[in-house]
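All of the numbers you see were taken from the coordinates with simple rules; none came from a lab. Quick caveat: nothing in here was measured; it's all calculated off a predicted structure. With ideal geometry, Cβ positions are generated from the backbone for all residues, glycine too; neighbour counts draw on all protein chains shown.
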Amino acid sequence: MIKCPRCGHEEREGVLYCLECGQGLQGLDDRTVAVLPTKRLEANPNDLASKATWGTARFGQDAFIVIHIRDVSEPVVVKPGEKTIIGRSDVTSPHKPDLDLTPFGAVEKGVSRIHAAICRSDDILTLVDMGSSNGTHLNGQRLVPDQPRILRDGDEIRLGKLVAHIYFK
């Protein structure tokens, strides 16, 4: 660990600036830290096509969705239909979601009764906010109600304050 000479905050070795006060930490770990410019690479469009960093959007006919809800030990496994409604149940409402998140603290976390939908078409899934009160987020971006967004393996969704990761199996 390196101790910042200005504020005393400890940082890991190799960190260039104190995260607490911004003081430069070069050379404080008894080694000379050389700051090298970024290497300029040859631009080749074919390289970009083969290095996608997100999960696949392809969802097979016999595939399942595995949903890992934050702070819940067991994942939820769902075989999505043409339109799978996600929300929470309520005894006063005649509408029931296909995937009921009530057992996972949906009421406290602001999940609407009819919050979002996972729609299946051919070999892809889309996530659609159904006009929820507290919004639906896909990988940190808030969805516009009724506008589908492609769902990919490994995506993070947030329904109100309920956070989950989606995996294809």
Simple spin-label estimate for VAL76/GLU156, 7 Å along Cα→Cβ, in nm, reads 1.9 nm
With +1 on each Lys and Arg Cβ and -1 on each Asp and Glu Cβ, how big is the dipole of the range 65-168 about its Cα centre, in debye rounded to the nearest 20?
220 debye
Inter-label distance for ALA63 and GLU13, nm, one decimal - labels placed 7 Å from Cα along Cα-to-Cβ
4.4 nm
From the Cα gyration tensor of the range 44-169, with a ≥ b ≥ c the square roots of its eigenvalues, which class applies: rounded if a/c is under 1.5, or else prolate if a/b is larger than b/c, or else oblate?
prolate
Less than 14 Å Cβ to Cβ from HIS95, Lys/Arg counted +1 and Asp/Glu -1: what total charge do the surrounding residues give?
+1
Which trypsin sites (Lys or Arg not before Pro) in the range 53-129 pass both tests, a DSSP loop state and at most 16 other beta-carbon atoms within 10 Å?
ARG58, ARG70
Under a crude label model (7 Å from the Cα following the beta-carbon direction), how far is ASP123 from MET1 in nanometres?
5.2 nm
Could you tally the net charge around LYS83, taking each other residue with its Cβ under 10 Å from the Cβ of LYS83, Lys/Arg +1 and Asp/Glu -1?
-1
Sort LEU125, LEU99 so that the residue with the fewest other Cβ atoms within 10 Å of its own Cβ comes first and the one with the most comes last.
LEU99, LEU125
